[in-house]
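Structure first, commentary second.
The values are calculated or read from the model by the stated rules, or taken from the named source; none is laboratory data. All of these numbers come straight from a predicted model, not from anything done at the bench. In this analysis, Cβ positions are derived from the backbone assuming ideal geometry, glycine residues included, and neighbour counts consider all displayed protein chains.
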Protein chains: 2
Amino acid sequence: MTQATQPKTHSTTAAFEALKCKECGAEYELKASHVCEFCFGPLEVKYDYEFLRRTVTRETIQAGPNSIWRYRPFLPVATNTPIDVGTGMTPLVQSNRLARRLGLKKLYIKNDAVNMPTLSFKDRVVSVALTRAQELGFTTVSCASTGNLANSTAAIAAHAGLDCCVFIPSDLEAGKVMGTLIYNPTVMSVHGNYDQVNRLCSEVANTHGWGFVNINLRPYYSEGSKTLGYEVAEQLGWQLPDHIVAPLASGSLFTKIYKGFQEFVEVGLVDAKPVRFSGAQAEGCSPIAKAFEEGRDFISPVKPNTIAKSIAIGNPADGVYAIDIARKTNGTITSVNDAEIIEGIKLLAETEGIFTETAGGTTIAVLKKLVEAGKIDPEEVTVVYITGNGLKTQEAVQGYVGEPFTIEPKLDSFERALERSKTLDRLEWQQVLV
Amino acid sequence: MTQATQPKTHSTTAAFEALKCKECGAEYELKASHVCEFCFGPLEVKYDYEFLRRTVTRETIQAGPNSIWRYRPFLPVATNTPIDVGTGMTPLVQSNRLARRLGLKKLYIKNDAVNMPTLSFKDRVVSVALTRAQELGFTTVSCASTGNLANSTAAIAAHAGLDCCVFIPSDLEAGKVMGTLIYNPTVMSVHGNYDQVNRLCSEVANTHGWGFVNINLRPYYSEGSKTLGYEVAEQLGWQLPDHIVAPLASGSLFTKIYKGFQEFVEVGLVDAKPVRFSGAQAEGCSPIAKAFEEGRDFISPVKPNTIAKSIAIGNPADGVYAIDIARKTNGTITSVNDAEIIEGIKLLAETEGIFTETAGGTTIAVLKKLVEAGKIDPEEVTVVYITGNGLKTQEAVQGYVGEPFTIEPKLDSFERALERSKTLDRLEWQQVLV
């Protein structure tokens with residue numbers, strides 16, 4: 001299949017200049033490449049901030065589309081017509097009932113469980129990566145995924161008319177597999193965990209001319225997560241929060257929210273202030289939390305064993321950078337067990353009407369743990385990042401939610417069930433709340 | 001549990017004046033009531049359009065929130081602080097690949113599969129109904145639902161701190177049941193079809209002091225669907241389309257899109273023009289399509305038997321009004337079978353990256369059928385309404401999508417699978433497209 005052709009208007013405002021090694025600073029052309037040839041450090045996109053300071057204002061951003069592309073000058077694409085399916089600008093919900101339950105005064109929920117089109121934050125990074133893939137001439141795109149990324153890559157590739165082949169571990173949740181297959185990509189289900197899938201994909205990236213969004217396109221791809229920083233700052237009325245809590249898988253999301261805040265300060269869109277960064281992992285796959293707690297500067301890889309499959313990365317590429325940010329911002333990184341994750345999912349649903357997947361349950365459970373440990377000040381403006389939708393991981397909560405009352409279509413059958421329901425303590429949390 | 005209290009600012013711009021019988025014109029106070037005491041006709045909300053014409057402009061709307069509440073003056077609530085969880089303003093996607101496949105030039109997809117918070121258009125009507133329920137003093141809300149409405153009512157009630165009891169038929173899809181239970185409402189699973197559930201709820205509404213969103217609150221609730229008309233008009237650059245295709249369950253959505261367009265013309269926000277209204281039903285529950293095709297002015301109720309459970313209403317309350325609109329706008333109403341519905345779901349996913357539920361598959365299949373029958377002009381600006389998300393009805397497509405290739409985490413295992421994939425004709429649709 002050939003690539004869908006659309007007329008591309010090239011931007012006069014692109015500010016990305018080079019790929020630059022995060023370790024040694026060596027610079028490279030803006031190609032599909034992710035590792036420094038000198039020191040094997042990761043490559044990152046470098047921008048002309050002076051140019052951005054002169055050309056971007058709050059007003060130019062607000063005049064843009066209601067999607068991540070309102071921040072296009074901060075993203076590594078040259079085109080003025082990126083792939084825009086409405087991704088981003090998800091609600092920042094001021095929490096009322098969850099905040100009260102936890103004893104916080106200024107809690108906000110950034111709700112990417114309703115991100116478009118595939119209901120996770122991955123739509124942000126994939127929209128950027130596939131736009132850049134088209135600019136670089138790729139006609140087949142691919143990824144190593146724990147599920148959400150495969151959903152997003154397959155869907156946005158379908159929209160853009162790109163060929164697509166995705167790689168997933170063979171033990172994924174049914175909703176994540178169906179949520180990929182429906183778009184009709186080629187799906188490789190690998191006997192192994194995500195880290196094995198990822199290693200295989202690195203080999204494939206070297207031998208086939210494919211654009212792997214999170215391997216050879218990773219420097220472009222990962223920049224998409226900065227929009228989770230930009231949007232929160234804009235939605236708070238062009239201010240930074242005091243504290244953010246986000247899930248950690250590879251650690252990339254965490255570092256890019258940080259970069260997003262820094263860039264907005266750098267170009268004068270918001271005032272500088274200290275923001276604490278706290279990270280959430282599942283106990284069954286918590287190499288970053290362990291290193292943080294033990295005061296280490298290196299990650300010891302682990303074999304994942306948790307229901308939070310979407311964040312189960314045993315050898316996280318950006319783990320050390322995440323630790324560095326948590327330390328220098330006076331944040332923390334900690335983990336919760338599977339039972340706490342399930343309670344986290346239910347707590348968010350019952351108090352805010354937001355149904356998140358296991359990663360979001362992890363983040364809410366860590367938020368609760370941090371509050372209980374006195375590590376979040378009730379007066380802090382705290383933003384918790386919910387990154388995916390619960391409809392994709394239904395098996396995680398099956399058996400842990402209430403049951404329907406089965407009745408006949410008759411008033412007396414209903415009345416009996418209603419009486420029974422009043423004697424049950426299944427509403428006890430709600431009653432505690434009152 | 002008591003109702004969450006929030007300071008309510010009462011609007012000085014509310015334009016709703018009375019409830020008015022759609023049949024005899026009798027007027028009533030703005031209470032929780034839905035049937036005319038004189039003629040048993042349905043009640044509808046009446047507005048002061050003169051006032052709206054003087055006070056609402058394109059600019060006042062655009063200065064509002066990025067949700068259905070930008071149209072608040074056209075909605076039947078008095079408060080300036082409605083329940084706003086980001087509902088509405090879903091993408092209107094200009095179709096490229098589906099349009100080409102069908103031979104249409106100006107096709108747009110209104111994508112409520114990513115509506116917030118529960119991924120169906122029901123979030124619109126429920127946001128309005130629960131805001132009004134709070135104004136009328138209800139502390140418990142309820143509904144008769146085919147699934148999506150229960151999801152939405154439970155979620156938004158949780159957010160607002162309202163008690164909630166929902167009624168569903170006992171044969172619903174697993175995703176729709178879990179997508180309700182997670183919010184911890186009381187769920188009554190009724191042995192019977194939707195029409196039996198609905199009758200039971202009418203009895204309960206008379207005996208308990210609950211706010212049933214689609215029974216005693218129905219006049220307010222149903223107005224929320226007008227926003228699907230307003231948004232399309234605004235997103236087309238303040239113009240009406242030439243032709244819309246929407247699913248028909250009770251028929252209410254269809255009539256309210258029509259009302260939304262009419263109101264925008266009435267108050268001078270868009271120019272008047274003819275818009276054709278075409279409706280989609282599943283063959284296994286097509287009482288409105290049958291009456292339309294047979295030229296009848298009345299609906300003969302049927303017993304539903306289709307995979308499209310969310311639109312399986314055998315005795316549709318607004319069916320006759322839908323028929324009237326289709327006739328007078330030179331539209332049509334037709335049905336497709338279950339196999340066509342599944343193909344419709346796959347077609348939309350493969351060409352546009354949008355995963356819809358069975359109702360959306362029905363609408364896409366009807367769109368295709370109308371194009372093939374020459375009933376849609378390729379030059380018409382056609383808007384197809386996608387009203388719900390495919391993650392909730394995964395069982396409908398299970399067995400009808402491709403399978404993953406299961407491989408070992410080794411390059412040679414991948415290469416063998418890739419070779420095999422090339423010999424399969426599973427990509428034949430995509431090849432046809434090129």
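Out of all the residues in segment B:361-384, which are in contact with a Ser or Thr (Cβ under 7 Å, 6 or more places away or on another chain) and not basic (Lys, Arg)?
Passing the criteria: B:Val366, B:Leu370, B:Ile376, B:Val384.
Considering (1) of a type in the set (A, V, I, L, M, F, W, C); (2) assigned to a helix (DSSP H, G or I); (3) within 21 Å of B:Glu395 (Cα to Cα); (4) more than 8 Å from chain B (Cβ to nearest Cβ), say which one A:Leu172 fails and leave the rest.
(2)
Counting only residues that are touching a strand residue (DSSP E or B) at 6+ places or on another chain (Cβ under 7 Å) and of a type in the set (Phe, Trp, Tyr), which one in segment B:200-241 is surrounded by the fewest Cβ atoms within 10 Å (Cβ to Cβ)?
B:Trp210
Where residues in segment B:100-123 are among the hydrophobic types (A, V, I, L, M, F, W, C) and under 10 Å from the mean Cα position of the chain (by Cα), which of them is nearest to the other protein chains (Cβ to nearest Cβ)?
So, considering only residues that are among the hydrophobic types (A, V, I, L, M, F, W, C) and under 10 Å from the mean Cα position of the chain (by Cα), the one nearest to the other protein chains (Cβ to nearest Cβ) is B:Ala113.
Looking at segment A:286-299, is at least one residue under 19 Å from the mean Cα position of the chain (by Cα), among the aromatic types (Phe, Trp, Tyr) and not assigned by the TED database to the domain that holds A:Thr55?
Kept after step one, since they are under 19 Å from the mean Cα position of the chain (by Cα), are these residues of segment A:286-299: A:286-289.
Subsequent filtering for residues that are among the aromatic types (Phe, Trp, Tyr) retains none.
For segment A:286-299, residues under 19 Å from the mean Cα position of the chain (by Cα), among the aromatic types (Phe, Trp, Tyr) and not assigned by the TED database to the domain that holds A:Thr55: absent.
Could you run through segment B:150-162 and say how many residues are within 13 Å of B:Val213 (Cβ to Cβ) and in a loop (DSSP other than H, G, I, E, B)? Don't jump to the end; show me each part of the working.
Initial filter on segment B:150-162 (within 13 Å of B:Val213 (Cβ to Cβ)): B:150-157, B:160, B:162.
Restricting the remaining residues to those that are in a loop (DSSP other than H, G, I, E, B) gives B:162.
Total meeting the criteria: 1.
Got a sec? Which of A:Thr227, A:Thr255, A:Thr180 is under 29 Å from A:Glu135 (Cα atoms), polar (S, T, N, Q), in contact with a helix residue (DSSP H, G or I) (Cβ under 7 Å, 6 or more places away or on another chain) and within 14 Å of chain B (Cβ to nearest Cβ)?
Exactly one residue qualifies, and that residue is A:Thr180.
Which of (1) in contact with a Ser or Thr (Cβ under 9 Å, 6 or more places away or on another chain); (2) more than 14 Å from every other protein chain (Cβ to nearest Cβ) is the odd one out, the single condition A:Val85 does not satisfy?
It fails just one condition, (2).
Among A:Val93, A:Val77, A:Val56, A:Val128, which is the only one that is crowded, with 19+ Cβ neighbours inside 10 Å and at the interface with chain B (Cβ under 10 Å from one of its Cβ atoms)? It would help to see each step written out before you state the result.
Numbers: A:Val77 fails: at the interface with chain B (Cβ under 10 Å from one of its Cβ atoms); A:Val56 fails: at the interface with chain B (Cβ under 10 Å from one of its Cβ atoms); A:Val128 fails: at the interface with chain B (Cβ under 10 Å from one of its Cβ atoms).
One residue alone meets the criteria, A:Val93.
List every residue pair whose Cβ atoms lie under 6 Å apart, where the two residues are 6 or more positions apart in sequence or sit on different chains, the first residue falls within segment A:229-254 and is over 18 Å from A:Glu266 (Cα atoms), and the second residue, located anywhere, is assigned to a helix (DSSP H, G or I) and modelled with pLDDT under 95.
Nothing qualifies.
Select, from A:Ala280, A:Ala291, the only residue that is crowded, with 22+ Cβ neighbours inside 10 Å and either of a type outside the set (Phe, Trp, Tyr) or within 14 Å of another protein chain (Cβ to nearest Cβ) (or both).
A:Ala280
For the structure I just gave you, tell me whether A:Ala312 is of a type in the set (A, V, I, L, M, F, W, C), under 17 Å from the mean Cα position of the chain (by Cα), over 30 Å from A:Glu50 (Cα atoms) and buried (at least 19 other Cβ atoms within 10 Å of the Cβ).
Values: of a type in the set (A, V, I, L, M, F, W, C): yes; under 17 Å from the mean Cα position of the chain (by Cα): yes; over 30 Å from A:Glu50 (Cα atoms): yes; buried (at least 19 other Cβ atoms within 10 Å of the Cβ): yes.
The answer is yes for A:Ala312.
From the set of residues in segment A:342-366 that are touching a Lys or Arg at 6+ places or on another chain (Cβ under 8 Å) and among the hydroxyl-bearing types (Ser, Thr, Tyr), which is nearest to the other protein chains (Cβ to nearest Cβ)?
Going through the qualifying residues, I end up with A:Thr351.
Tell me, which residue of segment A:271-282 that is assigned to a loop (DSSP other than H, G, I, E, B) and within 23 Å of the chain's Cα centre (by Cα) is nearest to A:Ile311 (Cα to Cα)?
Residue satisfying both the conditions and the ranking: A:Val275.
Given the conditions (1) more than 27 Å from B:Ala282 (Cα to Cα); (2) more than 8 Å from chain A (Cβ to nearest Cβ); (3) out of contact with any strand residue (DSSP E or B) (no Cβ under 6 Å at 6 or more places or on another chain); (4) surrounded by 14 or more Cβ atoms within 10 Å (Cβ to Cβ), which single one is not true for B:Ser413?
(3)
Scan segment A:204-213 and give yes if some residue there is at pLDDT 95 or above, more than 21 Å from A:Leu130 (Cα to Cα), facing chain B (nearest Cβ under 9 Å) and assigned to a helix (DSSP H, G or I), otherwise no. Even if it seems obvious, please write down each step before you answer.
Applying the first criterion (at pLDDT 95 or above) to segment A:204-213 yields A:204, A:210-213.
Okay, now just the ones that are also more than 21 Å from A:Leu130 (Cα to Cα), so none.
Looking through segment A:204-213, none of the residues is at pLDDT 95 or above, more than 21 Å from A:Leu130 (Cα to Cα), facing chain B (nearest Cβ under 9 Å) and assigned to a helix (DSSP H, G or I).
If you scan segment B:315-324, which residues turn out to be surrounded by 23 or more Cβ atoms within 10 Å (Cβ to Cβ) and either outside any loop (DSSP other than H, G, I, E, B) or within 14 Å of another protein chain (Cβ to nearest Cβ) (or both)?
B:Gly319, B:Ala322, B:Ile323
Could you check B:Glu380 against (1) assigned to a loop (DSSP other than H, G, I, E, B); (2) under 20 Å from B:Asn148 (Cβ atoms) and say which number it fails?
Here B:Glu380 meets the rest and fails (2).
What residue, among those in segment B:186-198 that are in a helix (DSSP H, G or I) and in contact with a strand residue (DSSP E or B) (Cβ under 8 Å, 6 or more places away or on another chain), is nearest to the other protein chains (Cβ to nearest Cβ)? Reasoning before the result, please.
Keep residues of segment B:186-198 that are in a helix (DSSP H, G or I), which gives B:194-198.
From the residues that got through so far, the ones that are in contact with a strand residue (DSSP E or B) (Cβ under 8 Å, 6 or more places away or on another chain) too are B:194, B:196-198.
Details: B:Tyr194: 10, B:Gln196: 4, B:Val197: 7, B:Asn198: 9 Å.
Result: B:Gln196.
Among B:Cys165, B:Cys143, B:Cys201, which is outside any helix (DSSP H, G or I), at pLDDT 95 or above and at the interface with chain A (Cβ under 10 Å from one of its Cβ atoms)? Give the derivation first.
On the way: B:Cys143 fails: at the interface with chain A (Cβ under 10 Å from one of its Cβ atoms); B:Cys201 fails: outside any helix (DSSP H, G or I).
None of the others qualify; the one that does is B:Cys165.
When the residues of segment B:263-277 are narrowed to those that are of a type outside the set (Val, Ile, Thr) and in contact with a helix residue (DSSP H, G or I) (Cβ under 8 Å, 6 or more places away or on another chain), which ends up surrounded by the fewest Cβ atoms within 10 Å (Cβ to Cβ)?
Narrowing segment B:263-277 to residues of a type outside the set (Val, Ile, Thr): B:263-264, B:266, B:268-269, B:271-274, B:276-277.
Going one step further and asking which of them are in contact with a helix residue (DSSP H, G or I) (Cβ under 8 Å, 6 or more places away or on another chain), we end up with B:263-264, B:266, B:268-269, B:271-272, B:277.
Numbers: B:Glu263: 20, B:Phe264: 26, B:Glu266: 16, B:Gly268: 14, B:Leu269: 19, B:Asp271: 10, B:Ala272: 12, B:Phe277: 24.
Going through the qualifying residues, I end up with B:Asp271.
Return yes when B:Ala339 is farther than 29 Å from B:Tyr258 by Cβ, out of contact with any Pro (no Cβ under 7 Å at 6 or more places or on another chain), part of a helix (DSSP H, G or I) and more than 12 Å from chain A (Cβ to nearest Cβ) and no when it is not.
Criteria met by B:Ala339.
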